[in-house]
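K.L.:
Just dropping this structure here.
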Amino acid sequence: MPKQKFDILETTCVPLPLENIDTDQIIPARFLSATSREGFGENLFRDWRYNKEGQKNNDFVLNNAQYKGNILVAGKNFGCGSSREHAVWAIVDYGFQAVVSSFFADIFKNNSMNNRLLPVVVPEKFLKDMLELVTREPGTIVRIDLENQELKIPASGESVGFEINPYKKECLLKGLDDIDYLLNIKEMITGYEFRNTLKR
Amino acid sequence: MEPKTLFDKLWDNHVVSSIESGPDVLYIDQHFIHEVTSPQAFEGLRQRGIRVFRPGKTVATADHNIPTRDQHLTIKDELSRNQVEKLNDNCREFGIDYFGLNHPKNGIVHVIGPELGYTMPGMTIVCGDSHTSTHGAFGNIAFGIGTSEVEMVLATQCILQAKPKKMKILVNGKLQEGVTSKDIILYIISQVSSGGATGYFVEYCGQAIEALSMEGRMTICNMSIEMGARGGLIAPDLITFEYLNSIPSLAGRNDFKTLLLRWRNLKSDEGAHFDRELILNAGNIKPMITFGTNPGMGMGIDESIPDADNSPEGAASFTKSLNYMGFNPGEKILGHPIDYVFLGSCTNGRIEDLRSFAYFVRGRKKAENVIALIVPGSKRVEQQAVDEGLDKILKDSGFEMRQPGCSSCLAMNEDKVPAGKYAVSTSNRNFEGRQGPGARTLLASPLTAAAAAVTGKITDPRDLLSN
Ligand code: SF4
């Protein structure tokens, strides 16, 4: 099933300068009972966004009207913990298209690419400066160019390259899907099975 | 031939094809599913108009979102009930074996896989749950996946995956009395940090690991993910084979002898290259406890909480974490009152864990101020506990054994710890709100949990073992 293509993203950012943000924070377990992929954005960072009484917590960045945009910038080891893809669905449903951090937990990274959410890995020092800048100047535009694997802050002229697996990049650029790829090589898979039953 | 690690051998054996400068297509021998991370995958199959490719290689259980009392009644919470019923319907529609509530084979996915003989050495195993790494204790490649990947496996029995780097963790020496496999892994994570093994697959070895039972080894591999590792494995040995031999469905297979012969060769070659090696001494490990909001924030139970400057976390995250827990840097937490104790989960919900808890509390009484949740990991564990009279020992000490499930490990059901309360928990995650909004979790071994349960405060289990 071809999906939406990812190309160039140019937007302001939402800074979340905390490390080790786990998927239980992104979407708490009590919201995992749904059986579809939609609607999780409402409860994104639920327990940071709302207090116990269900009122908005004004200190939290998503409740601060100054900070908007489609890029989430967060401290290192983003998305650790539970494998729940619901975390990615919540981030995407809320409207983010990319997350920038100095490194991501493995399962989260796979999940995000499978949902067209681009995980952008930048050096720790760059991340620190970027977090400071976008926190201080919420209007800062950031440009993420997937084709050229570059994140750029036009106002300051600073830029940094980022790594992405060439196959995954191709998939994102063309809107291709891993399952389609695998379905197309089914004969090869059956061949593998055959060889291995012989071996056994 | 170049010496290879066990991980490399297993991986290479399962590569169907390699995408140029891309991930490998990895064949999956065994797939487990549960109610929470599978419905959207089945929906995906329907939208594509395809069937499950190899339904015999997937097994389903309901564990995450079920009550641990009155399991014979219909589930009260509508959304939870719906999710469990969906799994039942999906399994029926797609021809997958399903062990639902009350089925004698029901239980936490990572507890039933091994005990029913689905988990074997040499395999590739995946499940939409990060603690799939548990199965690695049998010498296989097992790791957690997301729902899109669950759909991939259902559709093609394969997954696209980049090969991780390899790390060896060697634990020499012997454990002190009162120190368990849970303490080994909490100690390792505190050394590596909660993200320190990201991108790696771990092989655990050394005298202290080899001395562990299969249950103990599963506890170690289970928490590999808590340092960011993709998974962890332990080469199979006589202890592994004995465990497997005790499973009737396996021992009764006519090819069991052949399998055993093949499994014997599953080990890393002498001199195989690991990208990173860590050597530890088991004798230095004390009973461990966590004080923060990620599993890397752990210390010896009699030690003091470090300062922000000495922590691998950023200062902001460290301070936020201690605030949440209601602790201060430099503070000792030994003797701190607690409110809840949770024994269970795929980390410590096996028979050995129930035994060590029960024998510890035998002849003692549950502290008045403590609410304890004792939750077996599966129906079989529950049955075995009853057969061994553990339920009676527990009852005499004031504890009630519940019915199996994930329970308070992720608190999707009603087994929640209230805001601000302290819970000594044998599970694997102490994240903010993991055991309920505002709950404060202290991860520890079943022995440390038992000591807390009878004293009502954080207690070094070694102090009670000696008298
Ligand atoms: S017991 Fe906890 S960690 Fe294990 S499968 Fe259940 S929810 Fe996941």
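The values are calculated or read from the model by the stated rules, or taken from the named source; none is laboratory data. The structure displayed is predicted, hence computed values, not measured ones. Using ideal geometry, Cβ is built from the backbone for each residue, glycine included, and neighbour counts are taken over all protein chains shown.
K.L.:
Looking only at segment A:72-82, filter to residues that are in contact with a Phe, Trp or Tyr (Cβ under 7 Å, 6 or more places away or on another chain) and more than 16 Å from the ligand (Cβ to nearest atom); which one of those is farthest from the other protein chains (Cβ to nearest Cβ)?
P.N.:
The qualifying residue farthest from the other protein chains (Cβ to nearest Cβ) is A:Leu72.
To keep it simple, each residue is scored yes or no on (1) assigned to a strand (DSSP E or B); (2) more than 12 Å from chain A (Cβ to nearest Cβ); (3) within 16 Å of the ligand (Cβ to nearest atom).
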| site | (1), (2), (3) |
| --- | --- |
| B:Val179 | no, yes, no |
| B:Ile185 | no, yes, yes |
| B:Ile189 | no, no, yes |
| B:Ala197 | no, no, no |
| B:Ile220 | no, yes, yes |
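K.L.:
A further question on this structure: Can you pull out the residues in segment A:1-17 that are farther than 30 Å from B:Ile50 by Cβ and surrounded by fewer than 20 Cβ atoms within 10 Å (Cβ to Cβ)?
P.N.:
A:Ile8, A:Leu9, A:Glu10, A:Thr11, A:Thr12, A:Pro17
K.L.:
If a residue has to be more than 10 Å from chain A (Cβ to nearest Cβ), touching a helix residue (DSSP H, G or I) at 6+ places or on another chain (Cβ under 6 Å) and more than 11 Å from the ligand (Cβ to nearest atom) to count, how many in segment B:423-445 make the cut?
P.N.:
Qualifying residue count for the region: 3.
K.L.:
Further question: Quick one: how many residues across segment B:173-221 are of a type in the set (S, T, N, Q) and either more than 30 Å from A:Lys76 (Cβ to Cβ) or out of contact with any helix residue (DSSP H, G or I) (no Cβ under 8 Å at 6 or more places or on another chain) (or both)?
P.N.:
First pass over segment B:173-221, keeping only residues of a type in the set (S, T, N, Q): B:176, B:180-181, B:190-191, B:193-194, B:198, B:207, B:213, B:219.
If we keep only those that are either more than 30 Å from A:Lys76 (Cβ to Cβ) or out of contact with any helix residue (DSSP H, G or I) (no Cβ under 8 Å at 6 or more places or on another chain) (or both) too, we end up with B:176, B:180, B:190-191, B:207, B:213.
Total meeting the criteria: 6.
K.L.:
Give segment A:136-166 a look and list any residue that's within 14 Å of another protein chain (Cβ to nearest Cβ) and in contact with a Phe, Trp or Tyr (Cβ under 9 Å, 6 or more places away or on another chain), or say none. Spell out how you get there, then give the answer.
P.N.:
Initially, segment A:136-166 is screened for residues within 14 Å of another protein chain (Cβ to nearest Cβ), giving A:149, A:163-166.
Correct list: A:Gln149 only.
K.L.:
Given the criteria away from the ligand (no atom under 16 Å from the Cβ), over 26 Å from the mean Cα position of the chain (by Cα) and within 14 Å of another protein chain (Cβ to nearest Cβ), does B:Gly314 qualify?
P.N.:
In short, yes.
K.L.:
So, of the residues in segment A:108-135 that are in a helix (DSSP H, G or I) and in contact with a helix residue (DSSP H, G or I) (Cβ under 6 Å, 6 or more places away or on another chain), which turns out to be nearest to the other protein chains (Cβ to nearest Cβ)?
P.N.:
For segment A:108-135, the residue satisfying everything is A:Asn111.
K.L.:
Examine segment B:164-175 for a residue that is facing chain A (nearest Cβ under 10 Å), more than 15 Å from the ligand (Cβ to nearest atom) and either closer than 25 Å to B:Ser345 by Cα or surrounded by fewer than 24 Cβ atoms within 10 Å (Cβ to Cβ) (or both), and state whether such a residue exists.
P.N.:
So far as segment B:164-175 goes, yes, one or more of its residues are facing chain A (nearest Cβ under 10 Å), more than 15 Å from the ligand (Cβ to nearest atom) and either closer than 25 Å to B:Ser345 by Cα or surrounded by fewer than 24 Cβ atoms within 10 Å (Cβ to Cβ) (or both).
K.L.:
Let me ask something else. Quick one: which residue in B:Arg48, B:Arg92 is of a type in the set (D, E, K, R), more than 16 Å from the ligand (Cβ to nearest atom), more than 30 Å from B:Ser246 (Cβ to Cβ) and out of contact with any strand residue (DSSP E or B) (no Cβ under 8 Å at 6 or more places or on another chain)? Don't jump to the end; show me each part of the working.
P.N.:
On the way: B:Arg92 fails: out of contact with any strand residue (DSSP E or B) (no Cβ under 8 Å at 6 or more places or on another chain).
Being of a type in the set (D, E, K, R), more than 16 Å from the ligand (Cβ to nearest atom), more than 30 Å from B:Ser246 (Cβ to Cβ) and out of contact with any strand residue (DSSP E or B) (no Cβ under 8 Å at 6 or more places or on another chain) holds for just one of B:Arg48, B:Arg92, which is B:Arg48.
K.L.:
Please enumerate the residues belonging to segment B:259-272 that are of a type outside the set (A, V, I, L, M, F, W, C) and either out of contact with any Lys or Arg (no Cβ under 8 Å at 6 or more places or on another chain) or not assigned by TED's automatic domain parsing to the domain that holds B:Val202 (or both).
P.N.:
Correct list: B:Arg262, B:Arg264, B:Asn265, B:Lys267, B:Glu270, B:Gly271.
K.L.:
If you don't mind, there's one more thing I want to ask. Going by the structure shown, is B:Thr426 crowded, with 24+ Cβ neighbours inside 10 Å, at negative phi and either out of contact with any strand residue (DSSP E or B) (no Cβ under 8 Å at 6 or more places or on another chain) or among the β-branched types (Val, Ile, Thr) (or both)?
P.N.:
Spelling it out, B:Thr426 is indeed crowded, with 24+ Cβ neighbours inside 10 Å, at negative phi and either out of contact with any strand residue (DSSP E or B) (no Cβ under 8 Å at 6 or more places or on another chain) or among the β-branched types (Val, Ile, Thr) (or both).
K.L.:
Can you go through A:Leu183, A:Leu173 and tell me which one is within 18 Å of the chain's Cα centre (by Cα), part of a helix (DSSP H, G or I) and closer than 27 Å to B:Ser17 by Cβ?
P.N.:
The unique qualifying residue is A:Leu173.
K.L.:
Of the residues B:Pro461, B:Pro404, B:Pro418, which single one is crowded, with 20+ Cβ neighbours inside 10 Å and away from the ligand (no atom under 16 Å from the Cβ)? Show your work before the answer.
P.N.:
Numbers: B:Pro404 fails: away from the ligand (no atom under 16 Å from the Cβ); B:Pro418 fails: crowded, with 20+ Cβ neighbours inside 10 Å.
Checking each option against the conditions leaves just B:Pro461.
K.L.:
From the set of residues in segment B:328-359 that are more than 27 Å from the chain's Cα centre (by Cα) and in a loop (DSSP other than H, G, I, E, B), which is surrounded by the most Cβ atoms within 10 Å (Cβ to Cβ)?
P.N.:
Checked segment B:328-359; the qualifying residue surrounded by the most Cβ atoms within 10 Å (Cβ to Cβ) is B:Pro329.
Conditions tested, residue by residue: (1) modelled with pLDDT of 95 or more; (2) over 23 Å from B:Leu186 (Cβ atoms); (3) outside any loop (DSSP other than H, G, I, E, B).
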{"site": "B:Glu382", "(1), (2), (3)": "yes, yes, yes"}
{"site": "B:Val386", "(1), (2), (3)": "yes, yes, yes"}
{"site": "B:Ile393", "(1), (2), (3)": "yes, yes, yes"}
{"site": "B:Val417", "(1), (2), (3)": "yes, no, no"}
{"site": "B:Ala423", "(1), (2), (3)": "yes, no, yes"}
{"site": "B:Ala452", "(1), (2), (3)": "yes, no, yes"}
{"site": "B:Arg462", "(1), (2), (3)": "yes, no, yes"}
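K.L.:
Looking for something surrounded by fewer than 18 Cβ atoms within 10 Å (Cβ to Cβ) and either within 12 Å of chain A (Cβ to nearest Cβ) or not polar (S, T, N, Q) (or both) - is there at least one such residue anywhere in segment B:30-40?
P.N.:
No.
K.L.:
When you check B:Gly173 against the structure, is it more than 23 Å from A:Asp106 (Cα to Cα) and in contact with a Lys or Arg (Cβ under 6 Å, 6 or more places away or on another chain), yes or no?
P.N.:
Considered against the rule, which asks whether it is more than 23 Å from A:Asp106 (Cα to Cα) and in contact with a Lys or Arg (Cβ under 6 Å, 6 or more places away or on another chain), B:Gly173 comes out as no.
K.L.:
Out of the residues in segment B:123-150 meeting the condition of being within 10 Å of chain A (Cβ to nearest Cβ) and part of a loop (DSSP other than H, G, I, E, B), tell me which one is nearest to the ligand (Cβ to nearest atom).
P.N.:
Checked segment B:123-150; the qualifying residue nearest to the ligand (Cβ to nearest atom) is B:Asp129.
K.L.:
Hey, another quick one. Hey, can you tell me all the residues within segment B:40-71 that are part of a helix (DSSP H, G or I), under 25 Å from the mean Cα position of the chain (by Cα) and under 17 Å from B:Asn82 (Cβ atoms)?
P.N.:
Answer for segment B:40-71, where residues must be part of a helix (DSSP H, G or I), under 25 Å from the mean Cα position of the chain (by Cα) and under 17 Å from B:Asn82 (Cβ atoms): B:Gln40, B:Ala41.
K.L.:
Give just the number: which of (1) closer than 30 Å to A:Phe103 by Cβ; (2) not in a helix (DSSP H, G or I) does B:Leu212 not satisfy?
P.N.:
If we test B:Leu212 against (1) closer than 30 Å to A:Phe103 by Cβ; (2) not in a helix (DSSP H, G or I), just (1) comes out false.
K.L.:
Continuing with the same structure: Before we move on, is A:Ile185 at the interface with chain B (Cβ under 9 Å from one of its Cβ atoms), farther than 23 Å from A:Phe78 by Cα and surrounded by fewer than 18 Cβ atoms within 10 Å (Cβ to Cβ)?
P.N.:
yes
K.L.:
Return the residues of segment B:261-293 that are hydrophobic (A, V, I, L, M, F, W, C) and buried (at least 16 other Cβ atoms within 10 Å of the Cβ); say none if nothing qualifies.
P.N.:
B:Trp263, B:Leu266, B:Ala272, B:Phe274, B:Leu278, B:Leu280, B:Ala282, B:Ile285, B:Met288, B:Ile289, B:Phe291
K.L.:
Only one residue in B:Val375, B:Val386 is surrounded by fewer than 19 Cβ atoms within 10 Å (Cβ to Cβ) and either within 16 Å of the ligand (Cβ to nearest atom) or free of Cβ contacts under 8 Å to residues at least 60 places away in the same chain (or both). Which one?
P.N.:
Just one listed residue meets the conditions, B:Val386.
K.L.:
Return yes or no: is B:Leu410 at pLDDT 95 or above and either within 16 Å of the ligand (Cβ to nearest atom) or not assigned by TED's automatic domain parsing to the domain that holds B:Met218 (or both)?
P.N.:
Against the criterion (at pLDDT 95 or above and either within 16 Å of the ligand (Cβ to nearest atom) or not assigned by TED's automatic domain parsing to the domain that holds B:Met218 (or both)), B:Leu410 does not qualify.
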